[in-house]
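The values are calculated or read from the model by the stated rules, or taken from the named source; none is laboratory data. Remember, it's a predicted structure, so these values are computed and weren't measured experimentally. Here the Cβ positions follow ideal geometry from the backbone for every residue, glycine too, while neighbour counts run over all protein chains shown.
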């Protein structure tokens, strides 16, 4: 166990090492070790945790941990949804205005997170489709969008083909879609906890740009006691969200198909040139 402090020696958090390498195929074992780690801390002032390998968990497990211990598990999704437009502008640069006239699909998880990201995107894009199983949720969302922005969005509970969408944003961990017909030139943001689109496309060997995270530079000097457990200067969204307020200058990379790239490199991957 270690303690994290800032330059004023104020405690910012605690760290507990949990060895999971030998239990990747034992899901219950992973959960038990995480719970044991939380119990080991036994500190009353903890209100949130972040897990270095959050991708090993699913939505139900995260809900269980949050309810069991009355703490928030930081997954970064709120931050990713908040900065997606800024990230798209930085990624597409002069092509951004062209993409505003293309079709974008948002796969909803029927939560406030979906509602918030639809509003962000509807302010910028003309052709927005929201896919969701909860008919009442998506219809009410479409009405609110129309009343507040004047944009009429298309809603659906089922979509047969995905090959008409240039940008796809997924928040839903339950994927009931055929991803094989997604255009290889499409840009996909998979913000589901389980990264279901990324995993399914990897499984079938489908090539496309799947962005699963944004990477930020840490602008605080945080050290560990004892030393040796310091964090990298570039951190994922779920950690960044838990320690500092968003500053656009801190967004430095995108995670594409499980690898991190600077935006200049990412543009070359997408368009073949900078």
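Give the residue that is surrounded by the fewest Cβ atoms within 10 Å (Cβ to Cβ), with candidates limited to residues of the range 229-274 that are at positive phi and touching a residue at least 12 places away in the same chain (Cβ under 8 Å). Per the stated criteria, the residue is 258. Every listed requirement among (1) buried (at least 18 other Cβ atoms within 10 Å of the Cβ); (2) outside any helix (DSSP H, G or I); (3) modelled with pLDDT under 75 is met by residue 14 save one, (1).
Residue-wise test of (1) touching a helix residue (DSSP H, G or I) at 6+ places or on another chain (Cβ under 7 Å); (2) at pLDDT 95 or above; (3) outside any loop (DSSP other than H, G, I, E, B).
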{"position": "198", "(1), (2), (3)": "no, no, yes"}
{"position": "221", "(1), (2), (3)": "no, no, no"}
{"position": "241", "(1), (2), (3)": "yes, no, yes"}
{"position": "274", "(1), (2), (3)": "yes, no, no"}
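Of all residues in the range 213-227, those satisfying the criterion of being touching a residue at least 12 places away in the same chain (Cβ under 8 Å) and either more than 30 Å from residue 197 (Cβ to Cβ) or surrounded by fewer than 16 Cβ atoms within 10 Å (Cβ to Cβ) (or both) are 217, 219, 220, 221, 222, 223, 224, 225, 226. If you go through the range 172-197, how many residues are surrounded by fewer than 16 Cβ atoms within 10 Å (Cβ to Cβ) and more than 25 Å from residue 61 (Cα to Cα)? Adding up the residues that qualify gives 6.
Of the set (1) over 25 Å from residue 250 (Cα atoms); (2) touching a helix residue (DSSP H, G or I) at 6+ places or on another chain (Cβ under 7 Å); (3) at pLDDT below 95, all apply to residue 153 but (3). Here the condition is being assigned to a helix (DSSP H, G or I) and at positive phi; of 93, 82, 63, 89, it holds for 93 alone. Looking only at the range 97-124, which residues are within 16 Å of residue 271 (Cβ to Cβ) and either in a loop (DSSP other than H, G, I, E, B) or at pLDDT 95 or above (or both)? Hit for the range 97-124 is 102, nothing else. With respect to the conditions (1) in contact (Cβ under 8 Å) with a residue 60 or more places away in the chain; (2) closer than 30 Å to residue 235 by Cα, residue 102 falls short on a single one, namely (2).
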